[in-house]
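Reviewing the structure listed below.
None of the figures in this text is laboratory data; all of them are computed from the coordinates on show. Since the structure is predicted, the reported quantities are computational estimates derived from the model, not experimental observations. Positions of Cβ are generated from backbone atoms using ideal geometry, with glycine treated the same way; all protein chains shown enter the neighbour counts.
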Amino acid sequence: MKQELDRFALGQLLSRLANAGPGEAMSLVPPLRPGMHGRRIGMTGAPGAGKSTLTGHLALLRAADRRLGVLAVDPSSPHTGGAILGDRIRMDDLRGIEDLYIRSIGSRSASDGLSDNLPEMLDVMDAFGFDEVILETVGVGQAEVAARSQVDTLVLVLLPESGDVVQAMKAGIMEMADIYVVNKADLPGAHRMATDIKRIAALSRYPEGAWRPKVLLTSAEQPESIQVLSDTIDLHQEWLATSQDQRTREMNRARYRLRRLIERRATQVISQLDHSVLDMPIDAQLQHVLKEILDQEAGAIPSSNRL
Ligand SMILES: Nc1nc2c(ncn2[C@@H]2O[C@H](COP(=O)(O)OP(=O)(O)O)[C@@H](O)[C@H]2O)c(=O)[nH]1
Ligand SMILES: [Mg+2]
């Protein structure tokens, strides 16, 4: 039996993380035992594509037999708590579902559509025993790439008639997502777009044993379409369990975290430089900045958490 979910403690910890600097963020994550990692599903796509609506429906389906968390990174609503996503779920629907936790977080300074301390927030979800976390992020270019490294299964939610996406796919980034969803299937153009994407997928070459991206049509008005999406996510998870790329994914995740960390520290140090440093030759500036970062590091992280 799992320990009861302490929503209050979790909420507090996520709030502290949302406002923490890089050093503090790492010290806030409780130690994780091996095997404590839940599944991570990313829902990304342009604003208005219907991600929150779809995520809400999906969450209700998938929370029936597991502890499910939803983190929605919503740059437009840093202060609305769970309201944005919560609005899309009726309280009636939540009856009988005990272990569903939904939370909106602002994206702060992260330019890639993810929140600064998202890797740590996801670790916290693991520490609180979530079997699965659905991560909603606004995807525009860089964001899909960033979300990619943080989740196991990435769902790209598309609007009918967003032809630029189809163009981008033709240029060969079909491996961007695991599942392509043309949402709002009730609107004109959706079926046509799904057919176009399927055609592109059929033309792409995949190595032996690779996952072939799936293309689905969904609509908030068609519950069975959301069931199919949920089943397809399960299918991808099953494929992951047998695939050889687990190490590669773990390394990409670690790389993203490390890069973000260094970027944030460097940005902070560089923003505080004055003429005394900026007038130096560039290699001296570099030396200075690297030393500053190292000095800060020595002070910021408790030794027990050092890598
Ligand atoms: N026609 C139609 N509209 C939808 C559907 N799903 C969501 N919407 C509407 O699209 C708008 C944006 O939805 P939202 O879930 O907030 O999109 P997000 O910005 O991607 O999270 C809202 O007005 C929704 O009511 C759908 O399946 N069909
Ligand atoms: Mg949304």
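Descriptive notes on the structure:
- In a reduced charge model with +1 at each Lys and Arg Cβ and -1 at each Asp and Glu Cβ, the range 250-305 shows a dipole moment near 460 debye about its Cα centre.
- Converting phi to 3J(HN,Hα) with the Karplus coefficients 6.51, -1.76 and 1.60 and the offset θ = phi - 60°, the range 254-270 yields 5, 4, 4, 4, 5, 5, 4, 4, 5, 4, 5, 5, 5, 4, 4, 5, 5 Hz in sequence order, with x at every glycine or proline.
- Fully extending the segment from Ala254 to Phe8, taken as 0.36 nm per residue of separation minus the present Cα-Cα distance, adds 85.7 nm.
- Annotation for the range 1-55 versus the range 196-221: alpha-carbon center distance of 29 Å.
- Qualifying trypsin sites (Lys or Arg not before Pro) in the range 198-258, where qualification requires a DSSP coil assignment and no more than 11 other C-beta atoms within 10 Å, comprise Arg205.
- Only alpha carbons enter this Debye calculation for the range 250-305, each as an equal point scatterer, and the log10 of I(q)/I(0) it gives at q = 0.25, 0.28 Å⁻¹ is -1.03, -1.12.
- Cβ-derived FRET efficiency at R0 25 Å, Arg66 paired with Asn19, nearest 0.05: 0.25
- Once the C-beta distance of Glu238 and Gln268 is scaled by a Förster radius of 45 Å, the resulting FRET efficiency is 0.60 to the nearest 0.05.
- Taking the charge dipole of the range 250-305 about its Cα centre, with +1 at Lys and Arg Cβ atoms and -1 at Asp and Glu Cβ atoms, the residue from Gln287, Asn252, Ser271 reaching farthest to the positive side is Asn252.
- Label separation (Arg199 vs Ala127): 5.1 nm, computed from points 7 Å beyond Cα along the C-beta direction.
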